[in-house]
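What follows is a set of notes on a single structure, which appears directly below.
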Ligand SMILES: [Zn+2]
Ligand SMILES: [Zn+2]
């Protein structure tokens, strides 16, 4: 691939992880950021983008996402994967971790191989770059399966996950901490330097502490499909016990993520998570499914063949009286977080870019606007809508 031509984005407000720089420019050469600030030397023959006073932001990074535009990463075809990558680039995501649901062993294997195939032949025009796969389902607790298909849930099997970990495709690994074999799963994921997470779990403090010692450092979608003091009283009786919530809030090295679509969590819960964990330990995720950018209707969550059904009302997914994951993009999550909590704009963007990059080990390559990093850049309007998406120095037209 020939390196993309030089690009200069000028007359914008640059969003850094800790501050804004007004009336600034950013230069990309050879697909990387080579200069930024108020006074930069223009390369010759550069394509010029006038930001007209709007924002220049790092591209977003989504560590928990199931699909979009009618496609789910579990559909098992490269075409479905590419459809979802393009949809998320429209919403400002430049690095993505396609996320498994529960499913048969064959479906999980097919998801991994289609993501590997798309990643290996990827070019920026195709949309968000696959930074790795998030193995999420199938190792969920039976009582916390949520909207995933119950038949695709199971307990960890070393034989099964050894095949997933045979190369470096899987970068995020989820398992409920209380399942038999969970600690061995965490140790195997730690050897591959994955971000290890506990999700869809009814674990107590003791199980979380053991998991932490085995390498677990993150909890999926805070307050959704996780244990609480009350759910543990139902599991163990009294005395009441501390849950995943207390463990995450009390442990500095633990990070978590929120679905900030405005429908899963109220503004005070979003603000509480931000104030307790801080922008360096809280990620924004979309957790969005195939109904993103699709009309309201009935859709399958997970595989198009046998995933569980849910209804999209055009705002969120719903099934059986509870929510069934989000249907909006990362731009929406970042805007809502900024407008409805005490998080300043640099912090709100950090939670959608640098923090997920740091937690997954890709921060030396991407996640912030910094000289030497990949030119994964967005131009956002003053109302924080995505105007342009640039991936590796190439503008993506979606
Ligand atoms: Zn979930
Ligand atoms: Zn999910």
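Output the residues belonging to region 359-389 that are over 17 Å from residue 14 (Cα atoms) and either more than 16 Å from the chain's Cα centre (by Cα) or buried (at least 21 other Cβ atoms within 10 Å of the Cβ) (or both). Walk me through it before giving the result.
Taking region 359-389 first, the residues over 17 Å from residue 14 (Cα atoms) are 359-365.
Matches in region 359-389: 359, 360, 364, 365.
Sort out which residues of region 101-114 are assigned to a helix (DSSP H, G or I) and more than 16 Å from ligand 2 (Cβ to nearest atom), and write them in order of number. Break it down stepwise before answering.
Let us first name the residues in region 101-114 that are assigned to a helix (DSSP H, G or I), namely 105-114.
105, 106, 109, 110, 112, 113, 114, listed by residue number.
Among the candidates 307, 302, 392, which residue alone is within 19 Å of residue 90 (Cα to Cα), touching a helix residue (DSSP H, G or I) at 6+ places or on another chain (Cβ under 9 Å) and buried (at least 22 other Cβ atoms within 10 Å of the Cβ)?
Working: 307 fails: within 19 Å of residue 90 (Cα to Cα); 302 fails: within 19 Å of residue 90 (Cα to Cα).
Exactly one of 307, 302, 392 is within 19 Å of residue 90 (Cα to Cα), touching a helix residue (DSSP H, G or I) at 6+ places or on another chain (Cβ under 9 Å) and buried (at least 22 other Cβ atoms within 10 Å of the Cβ), namely 392.
Of all the residues that make up region 182-211, how many are under 14 Å from residue 140 (Cβ atoms) and either more than 15 Å from ligand 2 (Cβ to nearest atom) or outside the structural domain of residue 153 (by TED's automatic domain parsing) (or both)? Can you show your working first?
Looking only at region 182-211, we keep the residues that are under 14 Å from residue 140 (Cβ atoms), and these are 182, 185, 197-203.
Next, from what is left, pick out any that are either more than 15 Å from ligand 2 (Cβ to nearest atom) or outside the structural domain of residue 153 (by TED's automatic domain parsing) (or both): 182, 185, 202-203.
Total satisfying the criteria: 4.
Among the candidates 114, 100, single out the residue that is farther than 21 Å from residue 381 by Cβ, assigned by TED's automatic domain parsing to the domain that holds residue 300 and within 16 Å of ligand 1 (Cβ to nearest atom). Outline the logic, then answer.
Numbers: 114 fails: within 16 Å of ligand 1 (Cβ to nearest atom).
It is 100.
Go through region 204-227 and count every residue that is in contact with a helix residue (DSSP H, G or I) (Cβ under 6 Å, 6 or more places away or on another chain) and assigned to a loop (DSSP other than H, G, I, E, B).
Total satisfying the criteria: 7.
Let's see how each residue does on (1) within 16 Å of ligand 1 (Cβ to nearest atom); (2) in the same structural domain as residue 355 (by TED's automatic domain parsing); (3) more than 17 Å from residue 172 (Cβ to Cβ); (4) touching a strand residue (DSSP E or B) at 6+ places or on another chain (Cβ under 9 Å):
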site	(1), (2), (3), (4)
231	yes, yes, yes, yes
240	no, yes, yes, no
254	no, yes, no, yes
258	yes, yes, no, yes
279	no, yes, yes, no
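Is it the case that some residue within region 348-367 is touching a helix residue (DSSP H, G or I) at 6+ places or on another chain (Cβ under 8 Å), in a strand (DSSP E or B) and at pLDDT 95 or above?
The answer is no; no qualifying residue exists.
Output yes when any residue across region 166-181 is without any contact (Cβ under 8 Å) to a residue 12 or more places away in the chain, within 27 Å of residue 265 (Cβ to Cβ) and either more than 16 Å from ligand 2 (Cβ to nearest atom) or part of a helix (DSSP H, G or I) (or both), and no when none is.
no
Of the residues that make up region 136-146, is at least one away from ligand 2 (no atom under 16 Å from the Cβ) and in contact with a helix residue (DSSP H, G or I) (Cβ under 7 Å, 6 or more places away or on another chain)? Before the answer, list the steps.
Within region 136-146, the subset away from ligand 2 (no atom under 16 Å from the Cβ) is 142-143.
Filter once more, keeping what is in contact with a helix residue (DSSP H, G or I) (Cβ under 7 Å, 6 or more places away or on another chain): none.
Within region 136-146, not a single residue is away from ligand 2 (no atom under 16 Å from the Cβ) and in contact with a helix residue (DSSP H, G or I) (Cβ under 7 Å, 6 or more places away or on another chain).
Out of region 184-203, which residues are surrounded by 20 or more Cβ atoms within 10 Å (Cβ to Cβ) and not in a helix (DSSP H, G or I)?
Passing the criteria: 194, 195, 196, 197, 198, 199, 200, 201, 202, 203.
Just for strands (runs of 3 or more DSSP E) wholly inside region 260-334: which have at least 3 residues that are without any contact (Cβ under 8 Å) to a residue 60 or more places away in the chain and farther than 23 Å from residue 80 by Cα? Give the derivation first.
Working: elements: 282-285, 297-301, 308-312, 316-319, 322-326.
Per the criteria, no element qualifies.
The values are calculated or read from the model by the stated rules, or taken from the named source; none is laboratory data. Computed from a prediction, not measured in an experiment: that's the story for all the values here. Methodologically, a virtual Cβ is constructed for each residue, glycine included, from the backbone with ideal geometry; neighbour enumeration extends over all protein chains shown.
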